Amino acid sequence: MLPEYSTFHGHFGRFAASSTFCFTNESPPPPPPILSFPLALRFRLTPHSLSNARSSKLLAMEGSKAGLAKELPLGLDATMEEEHNLTSNLTTEEEYILMCNLLEDFSSISNIDKAWTFKSDSGAKLLVVRDTDNVSPTQIEIWSPSQLEKEFHIPKSVHGSIYTDGWFQGISWTSDETVVAYVAEEPTPPKPTFCSQGNNKGGSTDKDLSGWKGQGDMEDDWGESYTGKRQPALFVINTNSGEVQAVKGIEKSLSVGQVVWDPSDRYLVFVGWLFETRKLGIKVCYNRPSALYAARSPSFESEANAHDHEDYSSEDMPAVNLTHQSISSAVFPRFSPDGKFLVFFSGRSSVESGAHSCTKSLHRIEWPMNAKLFSSVKIVDVVPVVMAPEDGCFPGLYTPSVLSNPWLSDGRTMILPSVWGSRQVILSVNVLSAQVLLISPVESDFSWNVLTLDGDNVFAVSSSPVDVPQIKYGYLVDKANKVDAWCWLNVSSPIFRCSEKVRSLLSNLQFTIINVPVKDVSDSLTEGARKHFEAILVSSNTQKNDRDDPLIVYLHGGPHSISLSNFSKPLAFLCSIGYNMLIVNYRGSLGFGEESLQSLRGKFGSQDVNDVLTAVDHVIDMGHTNPSKITLFGGSHGGFLTTHLIGQAPDRFVAAAVKNPVCNLALMACTADIPDWCYVGAYGSEGKNIFTEAPTAEHLTDFYSKSPISHISKVKTPTLFLLGADDRRVPYYNGLQYARALKERGVDCKIIVFPNHGHAIRRPQSDFECYVNIAMWFKGYCK
């Protein structure tokens, strides 16, 4: 449910093992001859390091490996007569060992999610942030292409940790690489001191005053994944002297992020989120109002004599709201290469409806060269929200992130990733003519993501549920004649190869995106809500009868999210051990137009449940599963659906697994970082207006009646619970209460709690443990 971080004006790379973050300021080099690169191409790979997880398995495997070698299907060799039958003649321990080894092979495949292109003689500098804890000074390093040039240590009295996530994070260089703007936690206010002389509210550090410091007043933070993060603020650092200054003129009520320099390098444009009462969870929540602001950059002494701009002396100029009240949401600001206009995306449909995500719109501002005109900028709508797309037509913008430099050489065309049904695609958008073109292959059901631009050419990554990621290089076939046909070539590299064992397993699988008709269409539904939804079916491509295969029904969270037709290591692992998989993008998912998305508000637990059951019936009719061997797996809202389904259709599913599921809206509305989500889910558009921190008895009754726990007396399905102990989005006792209630009723359950984990259980060892347990749990009930 939580998205990957985005990149902004500085290119961004992360090395998770050392908590090191790198930011460079580079312009794309001119386009090289196709596939003959006189430049370096670097990728950010994110393999799962499983050394800790593996070590605990090897002890058990040590004594039995030799004995297993002759009779076990090591690597699940495709030549086996029954390559998917793992359980034959194996003890539980042997099967567990086999699962661990196979999952490790899948986990060792690297993701490809970021890339950089640059010439070998590039002089671009690299900024490295080392920010390992909340106590030590933040360390910033400035690197040349070959060596460390500068190192600065910024004490916590100046600012706290630098934001390096994809929401607030913004690292932006001036064009001459002398100043970097970034977002960091504002300094923590001093805590009160309690001693024998009473309470010194000022937090005095007088050496004669012996005592201890209290915790002070509670301050709101930004919820899930931002525990302790109260106030993201804007700072600039001079890369020559190391001097750091806070940007002035920004109201304390604003939390800032996504900063970029304007063309003059004198003003900073950033996103500001304003909350007048408490802060609610903001991660992946586009329904939090935001606006674009412009603020004057602080001057450093060496610069003050270099500029004579008429507004330069007004450093204390208040930040100006560029989007005013006309647009309630603005994110991902980007300047055109010539600096003549600023573009941004808006999620105002989320703000207006309360749905946490939506179909985005794209807007353009003609950039004034005089700061006095900031407050009167004109906003031009470029790409509007698409309400109900025609079949096969552009469904609207669903851009998860934007490259720091997304522009082709014409200075008006952006290259963007977006969602189109169950696929991720690459679009070109002309921000002057508003022309939107699909540039990734139209005929492909694979998912594509743009990695970086190489002049007017594109590096991308392509994958499918049964095909590992492959780097692609795209170029216009006939640019001179303005033909908009793109050709895509493979970029081969041994780094990204998977093992022969995994390759053999994947070769026995196929996938298809199927259209599922909506059942019981009523006159009250909008046009977009009546259209079909989609599901991705992964199945065996052998000649054997699919009707005997067990099925895993996978349900994404959100609910306003999407399961894409890209490669997922854990899902591919589950398919490789003998399961077909049905990945359902029920109505309310992204990628199908705004009417379809909004149709789910107020219908949580009914419309989405019916869509899943319809999809399951559809694949049964197609002959792709054994109706007596269907399992369910989902997390967050997917867990909400899973626990609803085992209660509303108790005889249809033989086993279930849930990660941090929503089981009781009444409990969640009183404990989660997004209590308003419960109101919108239960009451629809009215929920946004009646949301309160003090739910009435009527509200709590309604929440309970729409929750999975209201059906718990009917549940028979054995269920595995995977819970993050520090989850603030869906606090873990939401799932724990439900699990204990099942146990009390004699339903077979297993509960695994991961300490120090939030909503997304993604640390390598924990992720490994989740999927090994899911595999073993399902195998135990799909005999």
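Here are the numbers:
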quantity	calculated
Members of the stretch 66-115 found to be modelled with pLDDT under 50, in contact with an Asp or Glu (Cβ under 8 Å, 6 or more places away or on another chain) and of a type in the set (S, T, Y), listed by number	T87
Top-ranked residue in the stretch 484-499 [being surrounded by fewer than 16 Cβ atoms within 10 Å (Cβ to Cβ) and modelled with pLDDT under 75; ranked as nearest to S444 (Cα to Cα)]	D484
Residue count, the stretch 518-571 (criterion: in a loop (DSSP other than H, G, I, E, B), touching a Lys or Arg at 6+ places or on another chain (Cβ under 9 Å) and within 16 Å of A615 (Cα to Cα))	4
Number of the exception - P570 against (1) surrounded by fewer than 23 Cβ atoms within 10 Å (Cβ to Cβ); (2) within 19 Å of I774 (Cα to Cα); (3) out of contact with any helix residue (DSSP H, G or I) (no Cβ under 6 Å at 6 or more places or on another chain); (4) modelled with pLDDT of 95 or more	(3)
Any chance L537 is in contact with a strand residue (DSSP E or B) (Cβ under 9 Å, 6 or more places away or on another chain), in contact (Cβ under 8 Å) with a residue 24 or more places away in the chain and not polar (S, T, N, Q)	yes
Every pair of residues 6+ apart whose Cβ atoms lie under 9 Å, when the first sits in the stretch 409-431 and is touching a residue at least 60 places away in the same chain (Cβ under 8 Å) and under 23 Å from R587 (Cβ atoms) while the second is of a type in the set (D, E, K, R) and assigned to a strand (DSSP E or B)	G421/E534; S422/E534
Of all residues making up the stretch 126-168, the number that are among the hydrophobic types (A, V, I, L, M, F, W, C), in the same structural domain as P289 (by TED's automatic domain parsing), outside any strand (DSSP E or B) and surrounded by fewer than 22 Cβ atoms within 10 Å (Cβ to Cβ)	1
Scope the stretch 419-466; condition buried (at least 20 other Cβ atoms within 10 Å of the Cβ) and assigned to a loop (DSSP other than H, G, I, E, B); matching residues	G421, S422, V431, I439, S440, F446, P465, V466
Test: residue in the stretch 288-296 that is in the same structural domain as F335 (by TED's automatic domain parsing) and over 21 Å from G347 (Cβ atoms)	yes
Any hit, the stretch 737-758, residues being farther than 24 Å from F573 by Cα, in the same structural domain as G602 (by TED's automatic domain parsing), touching a Gly at 6+ places or on another chain (Cβ under 8 Å) and not in a loop (DSSP other than H, G, I, E, B)	no
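Okay, residues lined up against (1) hydroxyl-bearing (S, T, Y); (2) closer than 26 Å to E224 by Cα; (3) crowded, with 19+ Cβ neighbours inside 10 Å:
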site: D651; (1), (2), (3): no, no, no
site: A655; (1), (2), (3): no, no, yes
site: D673; (1), (2), (3): no, yes, yes
site: K706; (1), (2), (3): no, yes, yes
site: V730; (1), (2), (3): no, yes, yes
site: V747; (1), (2), (3): no, no, no
site: I751; (1), (2), (3): no, yes, no
site: F754; (1), (2), (3): no, yes, yes
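The values are calculated or read from the model by the stated rules, or taken from the named source; none is laboratory data. From a predicted model like this one, the values you see are computed outputs, not experimental measurements. In this analysis, Cβ positions are derived from the backbone assuming ideal geometry, glycine residues included, and neighbour counts consider all displayed protein chains.
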